[in-house]
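Student: Have a look at the structure that comes next, please.
The values are calculated or read from the model by the stated rules, or taken from the named source; none is laboratory data. All figures in this text were calculated on a predicted structure; none of them were measured in a lab. Here the Cβ positions follow ideal geometry from the backbone for every residue, glycine too, while neighbour counts run over all protein chains shown.
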Amino acid sequence: TLQDRLQSAFKNLRGKGRLSEADIDAVAREIRVALLDADVAVSVVREFIARVKERALGAEVSQSLNPAQQVIKIVNDELIEILGGETRRIRYAKTGPTVIMLAGLQGAGKTTLAGKLGLWLKEQGKSPMLVAADLQRPNAVTQLQVVGEQAGVKVFAPEPGNGVGDPVAVARAGLAEAQRTLHDVVVVDTAGRLGIDAELMQQAADIRAAVDPDEVLFVIDAMIGQDAVVTAEAFLEGVDFTGVVLTKLDGDARGGAALSVRSITGRPIMFASTGEKLTDFDAFHPDRMAGRILDMGDMLTLIEQAEKAFDSEQAAKDAEKLMGGSFTLDDFLKQMEAISKMGSMTKIMGLIPGMGQYKEQIENFDDREVDKIKAIILSMTPAERDNPKIIDGSRRARISKGSGTQVKDVNGLVDRFFEARKMMQQMAKGGGMPGMPGLPG
Ligand code: GDP
Ligand code: MG
């Protein structure tokens, strides 16, 4: 498998300072195969790999991941980024009904999607209406009526006098009907052919011009593979669309079409269809799709676990240090910097039990204070930082001069440090969280 191949390619690389270009090339080759297997378009693969290489070359070797895992993580992160870019909800019209037009090849899943969207919109508290503007296939209107009934959503179908035979007139009449009957969302189902077809593309463009949709959703079958690019480009050019819906994700397609369409058109993937039932439908999840394209679920889980374990290892080490009472001025400085970095920390504070009471102190925490503390601590010798007890009067005078501060500032800092250390030790004895050490009272 891809995982095995990658693992063996990188067995001996753990501990290197930085990923070398040759290392990255080797993984890139494997990833390239994986993406092509997933039916990502060749041009998209090329560009994508170039991006990943650039990022991987600059990356420090991670403590918790081996080089192969690290590159895979970069690949996965980039995939999610590209697939998710700006995941976006439906843009509803400010006044009048929101018009959502569906476009795509025949069999892509438009009519089924109309029913799914109808049900979903109803659940969002909307009052949708479906409009049957596919007059190409004899049973297309009936099919929409059936899914509309299943979804419990009104369907507007052409009748004599409503423009029978003219899908543009039907779409226009449907919109007028929705306005009259106060439906707030109109979903316009349209015709598609088996291949790209100029006449049908023109029809879709005409419908678009007639109803001026708020959203045009390009519906594409995930199983279509490498053809996705040509199809998407044709619809972008012929009709233009604002979002993409990927269907038949319940099949065994690896979903490379998603990456291709998103990369080439720059349009967001908004929904995913995963079956024939009306409830087989959900907002699009970039992380799930990235995992599917890479087909390395186990590996990605491993990577996540390794990273978590590393974090908690570090945290355990820090805690051990505190418990042992070896809390030094360097640690104190690190703590101050961490607090100031968390500028918007007050939000997080609410989440940590017992921390809410320090909200105000943290909000008032002054960054300039940290700079001063830093200047003072950096003017101390390593011996003084390790063992602040030796900092006597003459040392304090020297430190204040060196840091451009007053002796009383140095005194204040040393006092606060001892206070913080006492609190840390109390905490370590199981006293909980007596106060935020180091914070200005
Ligand atoms: P349209 O020609 O674009 O309107 O496509 P349809 O809605 O008629 O769908 C074509 C076929 O694909 C029908 O048999 C649907 O039941 C089926 N279909 C649509 N969406 C999905 C899906 O997400 N998964 C599966 N397995 N089948 C689907
Ligand atoms: Mg249809």
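Student: Of the numbered conditions (1) over 14 Å from Pro213 (Cβ atoms); (2) modelled with pLDDT under 90, Gly96 satisfies every one except a single condition; which is it?
Tutor: Failing condition for Gly96: (1).
Student: Take the range 170-195 and flag every residue that is surrounded by fewer than 17 Cβ atoms within 10 Å (Cβ to Cβ) and not charged (D, E, K, R).
Tutor: Scanning the range 170-195 gives Ala176, Gln179, Thr181, Leu182, Leu194, Gly195.
Student: Among the listed residues Leu13, Leu6, Leu105, identify the single one that is buried (at least 22 other Cβ atoms within 10 Å of the Cβ) and at pLDDT below 90.
Tutor: On the way: Leu13 fails: buried (at least 22 other Cβ atoms within 10 Å of the Cβ); Leu105 fails: at pLDDT below 90.
Among Leu13, Leu6, Leu105, only Leu6 is buried (at least 22 other Cβ atoms within 10 Å of the Cβ) and at pLDDT below 90.
Student: Of the numbered conditions (1) within 13 Å of ligand 2 (Cβ to nearest atom); (2) assigned to a helix (DSSP H, G or I); (3) in contact with a Gly (Cβ under 7 Å, 6 or more places away or on another chain), Val131 fails exactly one; give the number of that condition.
Tutor: Among (1) within 13 Å of ligand 2 (Cβ to nearest atom); (2) assigned to a helix (DSSP H, G or I); (3) in contact with a Gly (Cβ under 7 Å, 6 or more places away or on another chain), Val131 violates only (2).
Student: When only residues in the range 120-133 that are surrounded by fewer than 24 Cβ atoms within 10 Å (Cβ to Cβ) and over 26 Å from the mean Cα position of the chain (by Cα) count, which is nearest to ligand 1 (Cβ to nearest atom)?
Tutor: Ranking the candidates gives Lys122 first.
Student: Give me the residue from the range 244-272 that is buried (at least 23 other Cβ atoms within 10 Å of the Cβ) and polar (S, T, N, Q) and, out of that set, modelled with the highest pLDDT.
Tutor: Once the filter is applied, the top-ranked residue is Thr247.
Student: Of all residues in the range 89-102 being hydrophobic (A, V, I, L, M, F, W, C) and assigned to a loop (DSSP other than H, G, I, E, B), which is surrounded by the fewest Cβ atoms within 10 Å (Cβ to Cβ)?
Tutor: Filtering first and then ranking leaves Ala93.
Student: Moving on. Of the conditions (1) at pLDDT 90 or above; (2) surrounded by 15 or more Cβ atoms within 10 Å (Cβ to Cβ); (3) assigned to a loop (DSSP other than H, G, I, E, B); (4) out of contact with any Gly (no Cβ under 7 Å at 6 or more places or on another chain), Ser64 clears all except one; give me its number.
Tutor: So the condition that Ser64 fails would be (1).
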